[in-house]
4 protein chains.
Amino acid sequence: MIIPKGPRLTPEQLHEVTSIVEEFGCRIQTINGTTRSVYAILGDERSETMRGRIEGLPYIDRIDSIQSPFKLMDVRSDLASHEIRIGGVAVRRQLLVIAGQCTIDPKNPNYFIETAHAVKEAGAHVLRGGVWKPRTNPYSFQGDNRSMEILLEASRQTGLPVNTEVMDEEHLRLAVEAGVHMIQVGTRNALNYSLLRQIGAAIAGRSTIVLLKRSRHMGPIDEFISAAEYIVNFGNPNVMLCPRGTMPTLEGYRSHPDESITPLLKERTWAPVIVDPSHSVGKATYVEACSLAAIAYGADGLCIEAHVNPAKGIGDDPKQSVTPDTLRRIVERARAVWALTRST
Amino acid sequence: MIIPKGPRLTPEQLHEVTSIVEEFGCRIQTINGTTRSVYAILGDERSETMRGRIEGLPYIDRIDSIQSPFKLMDVRSDLASHEIRIGGVAVRRQLLVIAGQCTIDPKNPNYFIETAHAVKEAGAHVLRGGVWKPRTNPYSFQGDNRSMEILLEASRQTGLPVNTEVMDEEHLRLAVEAGVHMIQVGTRNALNYSLLRQIGAAIAGRSTIVLLKRSRHMGPIDEFISAAEYIVNFGNPNVMLCPRGTMPTLEGYRSHPDESITPLLKERTWAPVIVDPSHSVGKATYVEACSLAAIAYGADGLCIEAHVNPAKGIGDDPKQSVTPDTLRRIVERARAVWALTRST
Amino acid sequence: MIIPKGPRLTPEQLHEVTSIVEEFGCRIQTINGTTRSVYAILGDERSETMRGRIEGLPYIDRIDSIQSPFKLMDVRSDLASHEIRIGGVAVRRQLLVIAGQCTIDPKNPNYFIETAHAVKEAGAHVLRGGVWKPRTNPYSFQGDNRSMEILLEASRQTGLPVNTEVMDEEHLRLAVEAGVHMIQVGTRNALNYSLLRQIGAAIAGRSTIVLLKRSRHMGPIDEFISAAEYIVNFGNPNVMLCPRGTMPTLEGYRSHPDESITPLLKERTWAPVIVDPSHSVGKATYVEACSLAAIAYGADGLCIEAHVNPAKGIGDDPKQSVTPDTLRRIVERARAVWALTRST
Amino acid sequence: MIIPKGPRLTPEQLHEVTSIVEEFGCRIQTINGTTRSVYAILGDERSETMRGRIEGLPYIDRIDSIQSPFKLMDVRSDLASHEIRIGGVAVRRQLLVIAGQCTIDPKNPNYFIETAHAVKEAGAHVLRGGVWKPRTNPYSFQGDNRSMEILLEASRQTGLPVNTEVMDEEHLRLAVEAGVHMIQVGTRNALNYSLLRQIGAAIAGRSTIVLLKRSRHMGPIDEFISAAEYIVNFGNPNVMLCPRGTMPTLEGYRSHPDESITPLLKERTWAPVIVDPSHSVGKATYVEACSLAAIAYGADGLCIEAHVNPAKGIGDDPKQSVTPDTLRRIVERARAVWALTRST
């Protein structure tokens, strides 16, 4: 829908607009309102070049697009019935809990091994363990390839599938070779389309699942879902969307919690929504409330940072990690809220 | 500075906090105010793990840090006198103008060649030409390796150094091999630390310059400068910072223009600030105003999208590109504002 | 705490700063860190003029204040044990439900009377009914004094105390004279200090309660609580804080839901927190999820728009109002989440 | 334009929507796109109730409105040629400079009198002086009626018309009785429609001018302009719009500078745009850059805080006020940028 700045286009302006859309195989339909006219583009209006040319005209206010830029991720696509299964959970039908450490400490592997057993006990289905970490400060610990071995050992001992974040093609290669079950894309790479394509190509034909974090800036919802389309486009539809808080922060938290985006995502896409309360609030004491709020909003699962001894964690873990006892209580209460809100 | 939630720490709490900081070689100094006490950390307080452990304590409100996470980029570092020269311009002493197309159309190379000559005529010192493009829509044109040849041909014909955006290691390798003079990091990769490190390593020992766009989310200023430190850390200090608008947008523009960040950046870092008005406002008619505002705020240069025939551009070019005539007027007026505001 | 731009103040600068604070009866304590020094103000640092003068110095980066601007609202004030009771509910110990129409239609009083009975049946303790309405469009219906009579009649028939929004001194006078039990301050007047003082004076010595909406801009939490102090200062401590969503909106909602602010408010103030899910999301279908999330975050109550026949409502009611059946389900589920999260 | 959630409305849905719009005297026109249909409302679509009822339907995504809620303020209204004159300036044709103290100190009247003479010397056309002040902290100085006498005395001595902020009906009465030439509405009252109506009524038939600050939250542009319509509607069209920075702040400033909104306002309304750089940046050292940027964006004037001795000011003045020398330089440079950008 083309909205002119003035009440209607002059004949010359309408002619110019019509010429442009016709170059792209479309037509113009004029809608004469009482005080203003708008102009519908009939045909495939998705060409960014066509729309850019029209928006570039000085007498045009804007184009309101009603077509989503994604296809496979659409709630009405054939993939809508696709079921993602991991850790014994049929996602969307049962609550999925991912838990573990934000960062594995390669010097103290026992903490992670103990955490792995403890989160399994507490009800987690997938073990989260950060091998590599994006850090604002270039002089902070950035992760260590040796942590991959610790992650795999924890997986072997507990039988839990594992999740780790990859930041580049080399991480991706190592993670896929190691058989990591769930690959995480962090908020800083949420719109790194080269990486998303590499992931799509690397997991095609495999059962690997991708957990795609939302970019921290409050960009359009379609931008978030389109990022998933970059991956799914290669053939493996196992992508889950992960809101994790946006900027600017709600004063006192790490981010502005955004679990409330869940119903809006679910209207547009079939992809499961897994909320990360730990990065949303950034402090252990608030994680439970955020987790239950996420389930109340319809989230399909939670990704929670936990540690057997948070004070001995590294990176963000001392601040954000809950203890296994707290995790168990969160999982129990999340199940209760799930039961309450999924009934009719 | 440690701020407790209550008016002061109990002796037991103070003991716990002291134990933590002593593990990291620091000490605590208590500052007793009239109604509240706060606690200074003496020593190197930059350990994120130490700070995370303290912030994780339930009786602590927050830690206010006063140390910046970067060193080389600091306005007081030895690099502060480093001069970046390109296209005959001593940046920071003279206005730098980068101009050209957001996207090179490989099917119509003549447009770019003509644009190159025209922007040179209009006063540009560096030729911008997008070979690869990050696009929200996975089905949009994503760029083409063949455009690199067009970019180099335009550089040969005009003698202008060239700028292009890289999105991954493969692009980086091709750009460095081709001798691209200025490598651009886009807003979606502004915090892609793996790519920043790869760039740092690839340009070490070369004269290549990096133009680092600001992430669209309104993150902390230190986060922006720290991203540059990832590159400079490898030895080549030729990094320039590029504000390009933030989210959420100012209704009617593509972004919320953020050229006003310039004085705040310059208080913290010596790096030149090159503003991108084209992505800030997103529409050709507003580019001049934003350009002059940037110079008024103290920007060292501008990165402007221009096209000999905007309507024939692709991607964002039809909407955002100014004509060579407009570019010439912007450059002239920007020089006038520069002269006005740099005098004493 | 005074933070200089450079690593430390020069002796001359320190002398200047010291002179300023001494004028206000304070002293300076220097805290010498390894690489930087900061300067604590000892004494009553709340003078805005003193702080303004220091912040105005060109070599000062900022002052980090650790004293809250409010006293009576503080979680540690003597008022912390003050109990607000209305509609048979001891607020903070039991869930409070306020429900009714955003706008009373003076031409169709029966809708409001029926709604009043229906929300009582559904579990509401207080009846909400808008007599006057702030509207963006100056030509929209702005309310009608005759609606006050309808509001009072509904209160008489149902026995429910009533809530209505006042926008100026005249509304306030009419509402107090009519014996309205709960006076609401809307988001556009949330920082209208003249109105807040008039309300404080008007309700002093009465049992009237104030429901203070949060301003839509994401201002500091202390600003929100300080606004309540303007009222309480006159002697009646019956103020409840009401988050109702902030700007910029989460795309698809009316606002960015902000029930997650609840734990942050409760750390600073004893005032009950009553969340308004209807204005947060702006559409009836999302109200239940937002309500339950609010309770999960620790809210003491909900303020929900309901209508016996939403399609016949006026103003925002057709879009936002839930039916009595939905309200009943929300109240039941909110009680269940309350029971779940208040247990230990 | 009605956008359904699905690709098109079912016949039953279309029937329901049609019934609603027909109640309000409108009709529906269906626009069948290739993959989706949208539905135009023909007729006067401004009824909020009609739109609310349609938006409340569960199968509707949203209504995109293309009619502005204001009439008199519209750039195409008959008022577009209305000229506001004050202090010898024909606003929009010449640069208007308003300058003075944020707060008059009733204990030290001489500072204000001296400031008045000094800002006149420096080029100001209108004298700003705050008699009453909205303050976040209820225990801060809130202004004093006695300051009105000081303001008037300064006006008499200098011959400058004066500007002061009113916060309620009592202030308004005093200001109008005193013959204050320009009445300011602050950001916290920017959407206080009761006050706006009282102002409109009070200044009808007078030459009084209103300076309407923008609300700090980044609300819609139409909301800002509509607020002015509340005033103008009473018959006096002397309203000027004043951007003054928005929340969330650009880290390091008081607000996020928003002078860039100027061209967007000017496309919709004929009202002059007077930018307040002092509250945008909040610190004297940045005021010049922000002022020149505002002129570059097309602002018609500036409202700047100045003080003969900023360190002796009260409230925000010590931090934000520029000296008369700085003011003179700003005015000269603003004139130069005006001349540069208004030429063709």
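The values are calculated or read from the model by the stated rules, or taken from the named source; none is laboratory data. The model shown is predicted, which means the values in this text are computed figures rather than measured ones. Positions of Cβ are generated from backbone atoms using ideal geometry, with glycine treated the same way; all protein chains shown enter the neighbour counts. Quick note on the areas: whole protein, heavy atoms, side chains included, nothing else; ligands and nucleic acids left out. Shrake-Rupley method; radii C 1.70, N 1.55, O 1.52, S 1.80 Å.
Computed quantities for the displayed model
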read-out: Buried on assembly, segment D:193-210 (at least 10 Å² less accessible surface than by itself, 1.4 Å probe); value: D:Tyr193, D:Ser194, D:Arg197, D:Gln198
read-out: Ascending list, in nanometres, of distances separating the D:Gly159 label from those of the other copies (7 Å, Cα toward Cβ); value: 5.8, 7.5, 9.4
read-out: Summed side-chain charge close to B:Val89 - residues other than B:Val89 whose Cβ falls under 14 Å, Lys, Arg +1, Asp, Glu -1; value: +3
read-out: Identity and axial distance of the chain B residue whose Cβ lies nearest the axis relating B to D, Å; value: B:Ala293, 2
read-out: P(r) tail fraction, segment B:49-171 - alpha-carbon pairs more than 18 Å apart, %; value: 66
read-out: Two-decimal log10 I(q)/I(0) for chain B, as the Debye equation yields it once each C-alpha is a single scatterer, q = 0.08, 0.09, 0.13 Å⁻¹; value: -0.44, -0.54, -0.94
read-out: Eligible lysines near C:Lys213 by straight Cα distance, threshold 18 Å, same-chain separation 8 or greater; value: C:Lys133, C:Lys266
read-out: Nearest-first distances (nm) between copies at B:Lys5, label 7 Å from Cα via Cβ; value: 3.8, 3.9, 5.4
read-out: Average accessible area per residue (Å²) across segment A:104-165 - probe 1.4 Å, nucleic acids and ligands excluded; value: 37
read-out: Delta accessible area of at least 40 Å² on complex formation, residues of segment D:271-294, 1.4 Å probe, chain isolated as reference; value: D:Lys283, D:Tyr286, D:Ala289
read-out: Local electrostatic count, D:Thr246, Cβ distance below 9 Å [Lys/Arg +1, Asp/Glu -1]; value: +2
read-out: Spread of Cα-to-Cα distances over 5 Å intervals beginning at zero, given as percent, for segment B:65-121; value: 4, 14, 14, 13, 13, 11, 11, 9, 7, 3, 1
read-out: P(r) tail fraction, segment B:228-292 - alpha-carbon pairs more than 14 Å apart, %; value: 60
read-out: Å² of accessible area per residue within segment A:36-97, as computed with a 1.4 Å probe and no ligands counted; value: 39
read-out: Residues along segment C:319-335 losing 10 Å² or more of accessible surface when the other protein chains are present rather than the chain by itself (probe 1.4 Å); value: C:Lys319, C:Arg333
read-out: Formal net charge of residues neighbouring A:Ile183 (Cβ-Cβ distance under 11 Å; K, R +1; D, E -1); value: 0
read-out: Cut-off under 5 Å, modelled amide H: who pairs with B:Ile60 long-range; value: B:Lys5
read-out: Accessible-area composition of the protein assembly as shown, carbon plus sulfur, in percent [1.4 Å probe]; value: 48
read-out: Cα-based equivalent ellipsoid of the protein assembly as shown: semi-axis lengths in Å, sorted from largest, via gyration tensor; value: 42, 39, 36
read-out: Computed Kirkwood radius, in angstrom, where 1/r is averaged over Cα pairs of segment D:1-64; value: 11.5
read-out: Where N is the number of residues in segment B:109-239, Cα Rg divided by 2.2 N^0.38 Å; value: 1.06
read-out: Anchor A:Lys107: aspartates and glutamates whose Cα lies under 13 Å away (excluding residues fewer than 8 positions away in-chain); value: A:Asp144, A:Glu149
read-out: Nm distances between copies for C:Glu83, ranked from closest, using label points 7 Å along Cα→Cβ; value: 5.2, 7.0, 7.7
read-out: Backbone HN-Hα couplings from phi across segment A:122-136 [Karplus 6.51/-1.76/1.60, Hz, Gly and Pro as x]; value: 7, x, 6, 9, 9, 9, 9, x, x, 8, 10, 9, x, 10, 4
read-out: Euclidean distance between Cα centres, segment A:134-185 to segment C:1-70, Å; value: 46
read-out: Segment D:206-344, Rg to Rh (Cα coordinates; Rh as Kirkwood inverse mean 1/r); value: 0.98
read-out: Residues whose placed amide H lies under 5 Å from that of A:Leu42, excluding near-sequence neighbours; value: A:Arg27, A:Ile28, A:Gln29
read-out: Förster radius 30 Å - calculated FRET efficiency between A:Leu174 and B:Tyr139, Cβ distance, rounded to 0.05; value: 0.50
read-out: Amide proton proximity set for B:Ile86, modelled H, under 5 Å, gap of 5+; value: B:Val91
read-out: At most 10 other Cβ within 10 Å, DSSP loop - chymotrypsin sites (Phe, Trp or Tyr not before Pro), segment C:1-61; value: none
read-out: Rounded tilt (10° steps) of C:221-232 against the dominant C-alpha axis of chain C; value: 70
read-out: Charge dipole (segment C:188-259, unit charges on Cβ, about Cα centre) - positive-most of C:Thr246, C:Ser226, C:Ala201; value: C:Ala201
read-out: Rounded accessible area per residue of segment B:197-344, 1.4 Å, Å²; value: 23
read-out: Accessible area buried at the A-C interface, both sides summed, 1.4 Å probe (Å², nearest 100); value: 2800
read-out: Residue with peak Gaussian network fluctuation, chain B [Cα springs, cutoff 10 Å], from B:Pro248, B:Pro257, B:Pro277; value: B:Pro248
read-out: Per-selection Kirkwood Rh - segment D:182-263 (Cα, Å, 1 d.p.); value: 13.0
read-out: Segment A:285-343-segment A:209-249 distance, computed between alpha-carbon centres (Å); value: 21
read-out: In order through segment D:18-34: 3J(HN,Hα) via Karplus (6.51 cos²θ - 1.76 cosθ + 1.60), integer Hz, x for Gly, Pro; value: 4, 4, 5, 5, 5, 4, 9, x, 10, 10, 10, 10, 7, 10, 8, x, 5
read-out: Qualifying aspartates and glutamates (Cα of each under 13 Å from Cα of A:Lys319; at least 8 residues distant if same chain); value: A:Glu305, B:Glu48, B:Glu55, B:Asp61
read-out: Calculated diffusion of segment A:270-344, Stokes-Einstein form, Kirkwood radius summed over Cα pairs, 4 °C and 1.567 mPa s, µm²/s; value: 103
